[in-house]
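Trainee: Sharing a structure, written as C-alpha cells. Questions coming.
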Amino acid sequence: MFGVATLATGSLCGCAPAGDTKGAGMPFVDISKPDKILIDGAEDSAGRVKLSTSSDPRREAAVTVSSEAPISKVELIWNVSLPKDALIHGGDWERTYGDSGWFRVEDESKPHGGWEPWYCLINDGKRTDGYGLMVQPNVFGSWKVDPERLVLSLDLRAGSRPVELKGRKLEACSIVSRRGAEKETPFKSGQEFCRMMCPKPRLPKEPIYGYNDWYCAYGNNTASNFLADAEFIVSLVKGEKVRPYVVVDDGWQRGQQGCAKTTADKRWAGVNEKWGMEMDEVARRVTALDAKPGLWYRPFLPDDGKGLPIDPTEPELEKRIRADVTRFAEWGFKLVKIDYIFFDWCGSWGGGLAPVEHDLPEWSDKSRTSAEVIKGLYTALREAAGDKMVIIGCNAIDHFAAGLFEIQRTGDDTSGEEWGRTRRMGPNTVAMRAIHHGTFYVSDGDCFGLAHKDAIPWELNSQWLDLVSRSGTALFVSWKRELTTPEIRDALEAALRRSAKAQPTGEPLDWLETLRPARWRFGSEIHNYDWDLPEKKEQ
C-alpha cells in the first residue's frame with residue numbers, strides 16, 4: 001500500500017469534484033433530430049445528409065451523405081440547455097497525452113480545443129449521459145459541448161482535400177446515445193456506453209503480459225542480449241498457465257540504428273548487422289523459453305525514398321503490408337506491435353478538431369475519405385495477421401483499433417529514464433481509458449521500465465508497476481537482468497504473476513477530480529498512490 005496522494009481539484013486541471021454541480025436536471029438529447037445540418041458551413045437545404053433511425057431512435061441514427069460536388073465537413077447541431085458546471089469527458093483520435101480528464105463545460109483548457117474525438121460523456125452530478133459514434137465509421141467525428149448546444153463535426157476529407165464522392169452514397173457513421181442511470185457511477189456509465197459503441201470487440205482469450213525491450217534498450221540491443229533478458233523475465237513466471245509474450249521492439253530491422261541501408265523492399269525482410277540473428281531463429285528461441293514471440297513493425301514507413309507523410313492510397317502499400325505481416329507469421333511470431341500508423345500518414349501527433357490540421361500532399365485517390373482509406377489498411381493488417389497473431393495498435397486510431405485489434409496502446413510513451421514522463425503519461429492513460437479496457441480492446445498503458453541504474457527511484461517506479469499489474473490491463477516490463485536486486489525481483493515476480501491471471505478492471509475513484517488519479521478500487525480492495533515528485537526526488 002502506498003501513501004495517500006494530495007488530490008488537486010478544479011484549479012489545477014479544469015476538473016471539479018464529483019457531485020459539485022448544481023441546478024436543474026440535465027436534458028437528454030434525441031440524436032435522431034438535429035436542429036440544424038451544415039455542409040461546409042452552409043445549411044443543407046438539398047437534403048444531402050440523411051439520418052435513419054433504428055427501432056430505438058434514442059440509441060442509433062445512421063448518417064449517410066451524398067454529393068456531386070467535393071465536400072469536406074458535415075456538422076449536426078442540437079440545441080440544448082446544459083448546466084454550466086456540467087463536466088465533460090471524451091476520447092482521443094489515437095491515444096492520450098497526459099491531458100485527458102473531466103473538464104467543466106465552459107473550461108477553455110480542454111484538449112483538442114474543446115472538441116471530443118469520437119464520443120463525449122456529460123455528467124451533471126446526478127447521472128452521466130453518452131453521445132458517440134459506433135466504432136469503425138467511414139468519417140472522423142468529434143463533439144463540442146456548450147451550455148446551449150451539442151455539435152457533431154464529421155470530417156469527410158481525403159487527406160487535407162475535399163473528398164470527391166461524385167454522387168456516391170457514403171454510409172458515414174452511426175450515432176449512438178445512452179442516458180445514464182442516476183445510481184450509476186460515471187465509471188459504470190462510461191463502460192456501458194463503450195459497450196454500446198463497440199458491440200463486438202476482438203478480445204484475446206488470455207491475459208496479455210510479458211517483456212518488451214524498448215525502455216531498457218531504446219533500440220540499442222542485440223539478439224543475444226535480448227534473449228538473455230527475456231529468459232530472466234520468463235523465469236519469474238515459471239509454472240503459470242498463461243505464458244508471457246516476449247516482444248522485440250524497434251532496432252532489429254534493416255536500415256535502422258546506423259546500419260547500412262539496404263534495398264527498399266528489404267527493410268522488414270531481415271535484420272541489421274548489429275542485431276546479429278535472423279528473426280525466425282529469434283522466434284524459435286523465444287518459443288523454447290516457453291514464451292510467445294512478438295516484434296515491432298512500422299507498416300507505413302516508406303521504403304521508396306519519397307519520405308513522410310505518405311500517400312496511403314498508393315496501391316502498392318497495402319500489398320507490401322500484407323506481405324510483411326504474412327512473413328512475420330511464417331517466422332513464428334505470435335504478436336505484432338504496429339507503430340506510427342497515425343503520424344506517418346498525417347504528420348502530426350494527437351490532432352485537434354480533426355486528425356489533419358495542415359496541408360498534406362495531394363493523394364492519388366480522392367474518391368474515398370481518410371477514414372475509409374486508413375480503416376482499409378487496418379483491415380488489411382488484421383486479415384494478414386488472421387488468428388495467428390495478436391495485434392497491438394500503437395499510435396493507432398482508437399475507433400478503428402476497437403473491433404479490429406486485440407490490444408491498443410492508449411497513451412503516449414512512458415519512460416525508462418525519466419520519472420516525470422511516466423508520471424504524466426502513465427496514470428492518466430490507465431485511468432482515463434479504463435472504460436475502454438475489455439469493451440473496445442485490451443488497454444495497454446505502456447511499459448514499466450528502467451534504462452540504467454538509478455535513472456528512476458524505485459519507490460516511484462514501483463508504484464507504476466503496482467498500478468498496471470493490479471488494473472487488469474496489459475503489463476509489459478522492460479528490465480535488464482543486471483539491474484535486479486532481491487527486492488526488485490520479488491516485486492517483478494509478484495506483478496507478472498498477478499498479470500498472468502484475469503482480473504477485473506481497476507476503477508479510478510478520483511478520476512473526476514484530477515488528471516492523475518491516485519485512489520483506485522481493485523476488486524474489493526482500495527489502493528492509494530502518490531504520484532507527486534517532491535523537489536528532493538528531482539535532484
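Trainee: How high is the FRET efficiency from K36 to V242, r the C-beta distance, R0 56 Å, rounded to 0.05?
Mentor: For R0 = 56 Å, the calculated efficiency reads 0.60.
Trainee: In nm, give the distance between the simple-model label positions of E330 and E383, each being 7 Å from the Cα along the Cα-to-Cβ direction.
Mentor: Rounded to a tenth, the inter-label distance reads 1.9 nm.
Trainee: About the Cα centre, and with charges only on the beta carbon of Lys, Arg (+1) and Asp, Glu (-1), how big is the dipole of the chain? Nearest 20 debye, please.
Mentor: Working: 71 positive and 81 negative charges, 268 e Å.
Roughly 1280 debye for the chain.
Trainee: Report for the chain the percent antiparallel among DSSP-assigned beta bridges with both residues inside it, nearest 5.
Mentor: On the way: 59 of 86 bridges.
Beta bridges within the chain, antiparallel portion: roughly 70 percent.
Trainee: Across the chain, how large is the tail of the calculated P(r) beyond 35 Å, expressed as a percent of all Cα pairs?
Mentor: Details: 51651 of 144991 pairs.
Pairs farther apart than 35 Å: 36 percent.
Trainee: Roughly what would the spin-label model give for D290 and N79, points 7 Å off Cα along C-beta, in nm?
Mentor: Distance between the two pseudo-spin positions: 6.9 nm.
Trainee: Pull up all non-local amide H partners of V442: gap of 5 or more, or a different chain, and H-to-H distance under 5 Å with H placed in the peptide plane.
Mentor: Answer set, sorted by chain and number: I407, Q408.
Trainee: Hey, can you grab everything whose amide H is under 5 Å from the amide H of G90? Only 5+ residues off in sequence or another chain; H modelled, so Pro and N-termini drop out.
Mentor: G101, L121
Trainee: Moving on to the next point. Among rounded, prolate and oblate, which fits region 209-505 when a ≥ b ≥ c are the square roots of the eigenvalues of its C-alpha gyration tensor, a/c under 1.5 means rounded, and a/b larger than b/c means prolate?
Mentor: Values: a/c = 1.70, a/b = 1.36, b/c = 1.25.
Note, shape of region 209-505 comes out prolate.
Trainee: For region 209-505, what proportion of DSSP beta bridges, expressed in % and rounded to the nearest 5, is antiparallel?
Mentor: Values: 1 of 27 bridges.
The antiparallel proportion sits near 5 percent.
Trainee: Here is a further query. Measuring from label point to label point, each 7 Å out along Cα→Cβ, what is the S524 to R179 span in nm?
Mentor: Output for this residue pair reads 3.6 nm.
Trainee: Treat the count of other C-beta atoms within 10 Å as a stand-in for reagent exposure and order S189, S524 from fewest to most.
Mentor: Values: S189 22, S524 6.
Listed from fewest to most nearby Cβ atoms, that is S524, S189.
Trainee: Here's a follow-up. Hey, how many Å between the Cα centroid of region 164-197 and the Cα centroid of region 70-125?
Mentor: 14
Trainee: Let me ask another. Of K337/K366; K238/K501; K200/K366; K126/K200, which pairs sit farther than 23 Å apart, going by alpha carbon to alpha carbon?
Mentor: Details: K337/K366 29 Å; K238/K501 14 Å; K200/K366 30 Å; K126/K200 30 Å.
Long pairs (Cα-Cα over 23 Å): K337/K366; K200/K366; K126/K200.
Trainee: Classify region 10-197 as rounded, prolate or oblate, taking a ≥ b ≥ c as the square roots of the eigenvalues of its Cα gyration tensor: rounded when a/c is under 1.5, otherwise prolate if a/b is larger than b/c and oblate if not. Provide the component values of the computation, followed by the final result.
Mentor: On the way: a/c = 1.95, a/b = 1.65, b/c = 1.19.
Because a/c hits 1.5 or more and a/b exceeds b/c, region 10-197 counts as prolate.
Trainee: S54's amide H: which non-local residues (gap 5+, or another chain) put their own amide H closer than 5 Å, with H modeled 1.01 Å from N in plane and none for Pro or chain starts?
Mentor: HN-HN under 5 Å from S54: E60, A62.
Trainee: Going by C-beta contacts inside 10 Å, put T439, T484, T514 in order with the fewest on the left.
Mentor: On the way: T439 22, T484 17, T514 26.
If I rank by nearby Cβ atoms, fewest first, I get T484, T439, T514.
Trainee: Apply 1/(1 + (r/R0)^6) to the Cβ-Cβ distance of M277 and K166, taking R0 = 60 Å, and write down the FRET efficiency to the nearest 0.05. List each step's numbers first, then the result.
Mentor: Numbers: r = 52 Å, r/R0 = 0.87.
Efficiency, from the Cβ-Cβ distance: 0.70.
Trainee: On to the next question. Based on the mean of other Cβ atoms within 10 Å per residue, sort peptides 444-451, 344-351 so the most packed one is first. Intermediate values should be presented prior to the final figure.
Mentor: On the way: 444-451: 26.2, 344-351: 19.1.
Going from most to least packed, we get 444-451, 344-351.
Trainee: Okay, moving on. Which order do M432, M26 fall in if you start with the one that has the fewest other Cβ atoms within 10 Å?
Mentor: M26, M432
Trainee: For region 281-413, what is the Kirkwood estimate of the hydrodynamic radius, computed as the reciprocal of the mean inverse distance between distinct Cα atoms, to one decimal in Å? It would help to have the intermediate numbers written out before the result.
Mentor: Numbers: mean 1/r = 0.0642 Å⁻¹.
Roughly 15.6 Å, rounded to one decimal.
Trainee: Please state the charge dipole magnitude for region 10-197, taken about the Cα centre, from unit charges on C-beta atoms (+1 on K and R, -1 on D and E), reported in debye and rounded to the nearest 20. Please list the in-between numbers first.
Mentor: Numbers: 26 positive and 28 negative charges, 91 e Å.
Computed about the Cα centre, the dipole is about 440 debye.
Trainee: Here's a follow-up. Test of understanding: what is the full-extension gain from S348 to N220, defined as 0.36 nm times their sequence separation minus their Cα-Cα distance? List each step's numbers first, then the result.
Mentor: Working: separation 128, 0.36 × 128 = 46.08 nm, distance 2.59 nm.
The span from S348 to N220 would gain 43.5 nm if fully extended.
Every read-out reported here was derived from the displayed coordinates using simple, explicitly stated rules and does not represent laboratory data. What you see is a predicted model; the values in this text were computed from it and never measured. Note: ideal-geometry Cβ built from the backbone for every residue, glycine included; neighbour counts use all protein chains shown.
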